[in-house]
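Any read-out appearing in this document is the output of simple, stated calculations on the displayed coordinates, not a laboratory observation. These numbers come from a predicted model, not from an experiment. We place every Cβ from the backbone using ideal geometry, glycine too, and count neighbours over all the protein chains shown.
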Amino acid sequence: MTRTILVSSEGKYGITDGMNALCASASALDVVEAAIRPVEVAPECRSVGLGGWPNLIGEAELDASIMDGTTLHSGSVGALVGYKHPISVARQVMERLPHVLLVGAGAARFAAEIGAEPGPAGTEEPARRGWEAWLADHVPPDVRARWPDVPLIPWARLTADPETAKGTTIALVKDAADRIASGVSTCGWAYKYPGRLGDSPIIGAGIYADSRYGAAGCTGMGELTIRCGTARAVVLYMKLGLSVETACREAIADLRAAERRFRGGVTVHAIDAAGHPCVMAIGRAADTVRWYYWTEGMTAWEERQAVVEAW
Ligand code: GLY
């Protein structure tokens, strides 16, 4: 019965709300939502919510998912446009539908039907200005004049910029009843091809939770963690008896084996069934990765640095 909350770097905007909810005896699922919602509307945050980096045509297509580690029920939305809190829409997918994942127009239709809080379809400032500047820097004026009614494939290649590709918010929570839950929300890869889903809405890739063993969530280049089923792998390694740290290291070894010359970065966040944490980062800027943690016995949440693994 050790209440615990771990959030990723962008989670600093929501850890206080999450910790307060946990201390007020909220369920792990409610705490995940409480910790992620503030990040989705934090004006400073460029990788989550409607203020996050848009896709190639200037739309904020948002991804989110949530998982109940006690029942293994989960809900996800992908490429959701025009709603402020994808994490809450994902929660409602889990609670109201016989489905796990809704995308695009169907996700937006569902969000409208449940009365989710709307927002603008285009991305907000200053991310919009960043996108316009990127277009001006990379796309010749004659092509820009016809944008977005041009072939987008060549421009998608140019967007593999690790500075804008990182981000995403993760919350892993263990409540007083020993229930574990995980959640994630993101705008995904900056200037991605429209319709691109990263790992965040894919249960087993971006997040996983099983109250018997622990939970995991990934930030960074989702194209790689989808291929390796990374979040599920971490929890499975713990089921097989590895410590949370060794489980993260094994999952990262899987990433390394899959992609020897990967340009971006991935951070794996995990807690075990007792709430012990580990956050391990690999790739570009791994030494700058921070995370936030509170567990019973601590007077306040702490900022910590990720363990860095060599690629
Ligand atoms: N990990 C977030 C993404 O790839 O979209």
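Structure notes:
- Note on the stretch 76-209: Cα Rg divided by 2.2 N^0.38 Å, N the number of residues, gives 1.20.
- Sites residue 137 and residue 245 - FRET efficiency at Förster radius 45 Å, r taken between beta-carbons, to 0.05: 0.60
- Kirkwood Rh, angstrom, the chain [1 / mean 1/r, Cα pairs]: 18.9 Å
- Once each of the trypsin sites (Lys or Arg not before Pro) sitting in a DSSP loop with at most 15 other beta-carbon atoms within 10 Å is removed, the chain keeps 1-211 as its longest stretch.
- Charge-dipole axis of the chain as Lys and Arg at +1 and Asp and Glu at -1 on Cβ define it, positive-most pick from 147, 87, 114: 147
- Note on residue 97/residue 44: beta-carbon distance plugged into 1/(1 + (r/R0)^6) with R0 of 35 Å gives a FRET efficiency of 0.60.
- When all alpha carbon pairs of the stretch 175-225 are counted in 5 Å bins from zero, the resulting P(r) reads 4, 21, 27, 18, 13, 8, 5, 3, 1 %.
- Distance histogram in 10 Å bins (all Cα pairs of the stretch 247-311, percent per bin): 21, 48, 24, 7, 0
- Max mean-square fluctuation residue, GNM over the chain, Cα-Cα springs under 10 Å, options 238, 94, 298: 298
- Per-pair calculated FRET efficiency, R0 = 22 Å: residue 212 and residue 263 via Cβ, rounded to 0.05: 0.05
- Where only C-alpha atoms are counted, convex hull volume of the stretch 16-63 per residue in Å³: 61 Å³
- Ratio Rg/Rh, restricted to the stretch 1-124 and using Cα atoms, in which Rh is the Kirkwood radius: 0.97
- When the alpha carbon gyration tensor of the stretch 203-311 is reduced to an equivalent ellipsoid, its three semi-axes come out at 22, 17, 11 angstrom, largest first.
- For the chain, adding -39500 (n - 2.57) for each run of n ≥ 4 DSSP H residues and dividing by the number of residues yields -9500 deg cm²/dmol at 222 nm.
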